[in-house]
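See below for the structure under consideration.
Computed from the coordinates by the stated procedures, all read-outs in this text should not be read as laboratory data. Predicted model, so just to flag it, every value in this text is computed and none were measured. We place every Cβ from the backbone using ideal geometry, glycine too, and count neighbours over all the protein chains shown.
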Amino acid sequence: MPTYQNRKCKLCANQIKEVDYKNLGLLQKYITKYMKIVPRYYSGTCIKHQKRLASAIKRARIVALMPFVR
Ligand SMILES: [Zn+2]
């Protein structure tokens, strides 16, 4: 899990505009070991990308690509 030192939004840095709910490799970086969405103050993600990530993760959960809890 990222630390407080990572303040830059990694999605902005890598110029990722759309977050796909099928891109599990990316989504898994923004999930804790109990499958919760990592909060913004931890990951340093910007508002726009955090919102996109949250929707993508929720969508992935509904289509059963990702568990709700562990
Ligand atoms: Zn961003």
Determine the gain in length on full extension of the stretch LYS48-GLN15; use 0.36 nm per residue of separation and subtract their C-alpha separation, reporting nm with one decimal. 10.6 nm
Over the stretch 1-68, calculate the relative contact order: mean separation of alpha carbon pairs under 8 Å at least 6 apart, over the residue count, as a percent. 42
With Cβ to Cβ distances under 12 Å as the rule, what net charge do the other residues near LYS51 carry (K, R +1; D, E -1)? +4
Shape parameters for the chain, alpha-carbon atoms, Rg then Dmax in Å: 11.4, 34
